[in-house]
Every structure is written in C-alpha cells, then in structure tokens.
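FYI, it's all coordinate maths here, none of it is from the lab. Quantities reported herein were computed from a predicted structural model and do not represent experimental measurements. Positions of Cβ are backbone-derived with ideal geometry, glycine not excepted, and every protein chain shown enters the neighbour counts.
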C-alpha cells in the first residue's frame, strides 16, 4: 500500500481561499510559555502566582522551486506574503488555519489544525534564470495562535479583586475604558499599560488578551 502524501494546507478563514505549499517543511518548532508573577503576602516572602498561559508560536521554513517550469517563483511566495496584508474591514491581517496530517482537533497530539495569524516573514531568493527571474526561494515564517483556548481563559479568570485578571480587547477599547470597568476609575490605566508593555493607551488590537493587575 502506497502512503498518501499530505501537504501543508493554508486556509484564509476571512476569505475562504486556501492553497497548499509546494514542499512540506522538514521540521517545525512549536513554542509555548506560562507567565508567573510575585504574589505579595503580609509579613511573608513573595510567592509565585500563575497569571496565565501564552499564545503558542509555530515557526518553520518553507521551500519553493519553480525552476523546471521556468516560471517566477514569486507566483507562489506572494500567497504567503499576502497573509500579512491589512484588511480594512477586519482591522487586521487575515486569520488563517494551518492543516497538515490526519490529527483531529482536540487529539493528544493536536498541533494541527492551528488557527493563527502570520506574525513574521523572511523571504530569501536563492536561484535565478538568466534574465533575473527568481525560481527558488526559502521562506522563514512564524505563525502566532489567534486566540487562547477557551478553557485557558476560563481557568485564569480570577474573581478575587486582589488577583490578576484577563480581558480580551474589543474594537474601540481604550485603556481608560478598561480601567473604568475594572478599577472604577479611568485615570488608573497606567498599571494595565505597564503590565502589558503598551506605549499608546488609545491603540489596542481587537482580540488582544490583556492582563489586568491588582492595584493597592
């Protein structure tokens, strides 16, 4: 029995368009992390307090070759580059789904399907025709998980006022609005900005998960 070759599929969830890479990656790296902060206790040494999980990051190198067809390899690489294009209606680049192999969602080894956005892209063109047309390229890509799993958000949604909370930013949200919601004072937006490394309190990314720290 001949094993069927499954190719990595990229599905644009905003437009419905999908395509396959020319060659599957030889490896990929899946990064994950957890966040901890000192929890002060009266008259005791601070203890580490778990404040939530991070978004997973999937990185890989993709290879493209159109030499035999004598065609411009950018016809293929441009599809990847298009995943960084800003959508005016969505107020962001497209949300995508990566699928590779038979693993079902929720399975024990379910890296795929991976719902994400393209975070970074590096294109390296390494072979050319006599007229300068590129026919071979290597693309280094990093995909960032679009949303934290629902169970992670629920697990890390403390209700005690002295613990860090999580909040998913909505369209037109500002830190002042969020401070008013959690602290009942819009002027107390600075602790949120510091906790999330935000420089402009008026510009938040919809879908961004913010840590709302406790204030004394």
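Here are the numbers:
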read-out: Inter-label distance for residue 67 and residue 30, nm, one decimal - labels placed 7 Å from Cα along Cα-to-Cβ; value: 3.4
read-out: Label-point separation, residue 199 to residue 78 (7 Å along Cα→Cβ), nm; value: 3.3
read-out: Sequence of 212, 194 once ranked by neighbouring C-beta atoms within 10 Å, starting from the fewest; value: 194, 212
read-out: Förster-model FRET efficiency, 45 Å R0, residue 48 and residue 129, C-beta, rounded to 0.05; value: 0.20
read-out: For peptides 128-140, 62-74, sequence by mean Cβ density within 10 Å, most packed first; value: 62-74, 128-140
